[in-house]
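Report on one structure; see the data block that follows.
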Amino acid sequence: MLKLAGAVVGAVVMITVLIAGTVGGIVAAMAGPPAPLTACGLPSGPSAPAVLGYPLAPGTYRLGSPFGARTNPITGTPEQHHGQDFAAPEGTPIYAAADGTVTAAGPATGFGQWIVIDHTLGGHVISTVYGHMWPQGVAVITSQHIHAGQPIGQVGNNGQSTGPHLHFEAWPGGRFTGGTPVDPLPLLAGASHHQPAPDRPPPAAAAATSSDLMPLPLTTPQRHLDLTAQQLANAALIVTVGQQRGLPPRAWVIAIATALQESSLHNLDHGDRDSIGLFQQRPSTGWGTVGQIMNPTYAATRFYAALQTTVITNDPHWNTRPLTQIAQIVQRSGLPNAYAQWEQLSADTVLAIHGTASSCTPAL
């Protein structure tokens with residue numbers, strides 16, 4: 001275990017070892033720039049490059065039921081299969097096929113759980129659909145901006161499914177805006193698969209200064225913990241999600257301090273009433289299902305989304321407000337002043353994970 005209070009000299013190297021491979025970034029390799037799309041939303045010309053990346057990594061799947069007319073394997077009735085199936089073991093990571101914005105994430109008839117992402121490629125809207133996840137296999141929320149190759153969920157066997165697989169669709173014109181489903185394979189042909197890059201972080205913000213992390217003097221006695229490898233990994237995940245959402249380091253400090261107070265950075269399956277997870281979010285108050293909240297990526301994403309909605313968009317000076325004031329707006333805790341006692345430890349942890357302004361590169 002590692003003491004993280006005050007100075008972090010030597011901590012960077014140790015934390016890097018502990019969390020290496022846990023929060024490795026995902027690189028999206030596309031086969032050149034997207035070709036212009038025709039009026040139908042497909043690449044123009046017979047040799048046009050692919051416009052979408054593969055949703056699963058190579059070697060993790062086999063192609064299953066293709067796009068087109070078929071007999072429904074469950075009902076035995078004729079139907080039009082709107083997507084391409086990728087058979088893969090449950091839990092296999094699913095990656096976003098391109099940059100875009102999540103327009104649906106959660107329960108859907110027939111799919112169990114699905115994700116729909118809208119992309120703008122060559123000036124045209126195209127939606128990708130990912131289906132049959134379990135609730136805990138959905139790691140994004142509606143309105144979240146997604147980068148190509150970002151892990152968004154896990155393969156499941158939910159809904160009208162006869163075995164674990166990803167059902168993948170492409171809708172030029174948009175899934176909810178009058179588009180039409182097309183065979184997604186021609187849009188993938190020639191595209192590179194998304195591959196993990198264990199030694200590289202996700203797109204990172206500039207290294208933080210002390211004033212970025214703690215803009216106000218500490219007025220509350222601070223608590224300290226010996227953080228285990230698992231606690232550090234959870235803290236690193238919180239930082240990663242904050243980076244992916246484009247939020248500044250102050251937001252990461254607030255999020256880690258909140259998780260320290262609520263769960264001591266443990267992904268708990270119990271708590272006060274129905275509170276669970278890293279942030280002790282409650283299914284009964286709209287934070288998500290039990291399965292979703294127990295997914296640390298989802299839980300962190302929901303915390304940041306609430307922070308943006310309730311605080312950041314309404315207060316241009318939010319990052320200079322007391323930490324406990326901001327955390328309480330999001331959490332509505334029965335102990336509204338308790339978050340402040342974790343500010344120093346949270347800032348030290350962010351510095352150790354992400355690096356300081358004196359560094360040329362992030363610590364990971």
Matching residues in region 103-138 (over 18 Å from Thr301 (Cα atoms), of a type in the set (Phe, Trp, Tyr) and in a strand (DSSP E or B)) number 1
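Residue by residue, here is whether (1) touching an Asp or Glu at 6+ places or on another chain (Cβ under 9 Å); (2) in a strand (DSSP E or B); (3) modelled with pLDDT under 90; (4) β-branched (Val, Ile, Thr) holds:
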site: Pro33; (1), (2), (3), (4): no, no, yes, no
site: Thr60; (1), (2), (3), (4): no, no, yes, yes
site: Ala69; (1), (2), (3), (4): yes, yes, no, no
site: Pro89; (1), (2), (3), (4): no, no, no, no
site: Thr101; (1), (2), (3), (4): yes, yes, no, yes
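Please verify whether region 200-212 includes one or more residues that are farther than 21 Å from Pro151 by Cβ, at pLDDT 95 or above and surrounded by fewer than 20 Cβ atoms within 10 Å (Cβ to Cβ). Steps first, answer last, please.
Here is the first cut: in region 200-212, the ones farther than 21 Å from Pro151 by Cβ are 206-212.
Subsequent filtering for residues that are at pLDDT 95 or above retains none.
The answer is no; no qualifying residue exists.
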Taking Ile141 as meeting all but one of (1) closer than 26 Å to Phe303 by Cβ; (2) surrounded by fewer than 23 Cβ atoms within 10 Å (Cβ to Cβ); (3) over 14 Å from the mean Cα position of the chain (by Cα), write down the number of the exception. (3)
Checking Leu216 against (1) in contact with a strand residue (DSSP E or B) (Cβ under 9 Å, 6 or more places away or on another chain); (2) farther than 14 Å from Gly277 by Cβ, which single condition isn't satisfied? (1)
Assuming Pro215 fulfils every condition listed in (1) surrounded by 19 or more Cβ atoms within 10 Å (Cβ to Cβ); (2) at pLDDT 90 or above; (3) on the phi < 0 side of the Ramachandran plot apart from one, which condition is it? (1)
Could you tell me whether region 280-294 includes any residue that is closer than 20 Å to Leu218 by Cα, surrounded by 22 or more Cβ atoms within 10 Å (Cβ to Cβ) and among the aliphatic types (A, V, I, L, M)? no
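Conditions tested, residue by residue: (1) surrounded by fewer than 20 Cβ atoms within 10 Å (Cβ to Cβ); (2) under 18 Å from Val182 (Cα atoms).
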position	(1), (2)
Asn72	yes, no
Thr75	yes, no
Gln80	yes, yes
Asp85	no, yes
Ala97	no, yes
Leu121	no, yes
Ser127	no, yes
His132	no, no
When you scan region 117-138, how many residues do you find that are under 14 Å from the mean Cα position of the chain (by Cα) and closer than 22 Å to His82 by Cβ? 3
Would you please list the contacts, defined by Cβ atoms under 6 Å and residues six or more apart or on different chains, that run from a residue in region 269-284 that is more than 14 Å from Ser333 (Cβ to Cβ) to a residue that is charged (D, E, K, R)? Asp274/Arg282; Ile276/Asp269; Pro283/Asp274; Ser284/Asp274
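The values are calculated or read from the model by the stated rules, or taken from the named source; none is laboratory data. Only a predicted model underlies this, so the values are computations on that prediction, with no experimental measurement involved. When we count neighbours, we look across all protein chains shown, and the Cβ atoms used for this are built from the backbone with ideal geometry, even at glycine.
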